[in-house]
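This report refers to the structure that appears directly beneath it.
The values are calculated or read from the model by the stated rules, or taken from the named source; none is laboratory data. A quick note: this is a predicted structure, and the numbers were derived from the prediction, not measured. Here the Cβ positions follow ideal geometry from the backbone for every residue, glycine too, while neighbour counts run over all protein chains shown.
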Amino acid sequence: MNRLIYIVPVLVFIGIAAFFFAGLRERAQVAPDELPSVLVGKPAPITPLPPLDAEAQAFRPADLRSGHVSVVNVFASWCAPCREEAPALRALSQLKGVTLYGMVQKDTPLKARAFLADVGNPYSRIDLDADGRASIEWGVYGLPETFIIDRSGIIRLRYAGAITPDALANTILPAIESAQGPS
């Protein structure tokens, strides 16, 4: 009977550890840029924000439902991967029928402008999410993140991480092409 007092807690601990280990193994099979988003297939959040500064024009929720594919890229000047994806964003800004919007997260207008002066500004409009609240509504957990929104304002893809040439060709452009089809 005394042995049961010691064996039962050990068996319970082993069972709980096995349960958590199995969960970790399952999660490790998902690539970081393929993390699920509850917003995919749903309307883009209605988060009116101010423009980055007096030089910028803000995009509005209605802009995301105005009959063209929208790409919303969340970035900041302090984000090193955001600098790496600048060439891919320039390429996206040249696509016909696609409008690229920027959302600056937890940054200052002065620092964001310096960043854009350095890497180039591919955005047609830029919002400032100074406190990060809008990013929370969008489900952003790290920078950069990019959302593909169809002509009706429905999120079709959430991509986490810097857009590399491979990601652009194999993930982003196919998602844009799909979003350009009938909604």
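Numerical summary
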read-out: Enumeration of residues in the stretch 135-183 that are within 19 Å of residue 60 (Cα to Cα), under 15 Å from the mean Cα position of the chain (by Cα) and polar (S, T, N, Q); value: 135, 146
read-out: Pair list, Cβ < 8 Å and 6+ apart or interchain, from the stretch 158-172 residues that are over 19 Å from residue 37 (Cα atoms) and at pLDDT 95 or above to residues that are surrounded by fewer than 17 Cβ atoms within 10 Å (Cβ to Cβ) and among the charged types (D, E, K, R); value: 164/84
read-out: Test: residue in the stretch 37-59 that is in contact with a strand residue (DSSP E or B) (Cβ under 6 Å, 6 or more places away or on another chain) and at pLDDT below 80; value: yes
read-out: Flag if residue 121 is farther than 14 Å from residue 44 by Cα and surrounded by 17 or more Cβ atoms within 10 Å (Cβ to Cβ); value: yes
read-out: Strands (runs of 3 or more DSSP E) enclosed by the stretch 90-180 - at least 3 residues per element that are not β-branched (Val, Ile, Thr); value: 98-105, 125-129, 155-160
read-out: Conditions (1) more than 23 Å from residue 150 (Cβ to Cβ); (2) surrounded by fewer than 16 Cβ atoms within 10 Å (Cβ to Cβ); (3) modelled with pLDDT of 95 or more: number failed by residue 77; value: (2)
read-out: Extreme residue, nearest to residue 73 (Cα to Cα), among residues of the stretch 145-167 that are in contact with a Pro (Cβ under 8 Å, 6 or more places away or on another chain) and surrounded by 24 or more Cβ atoms within 10 Å (Cβ to Cβ); value: 163
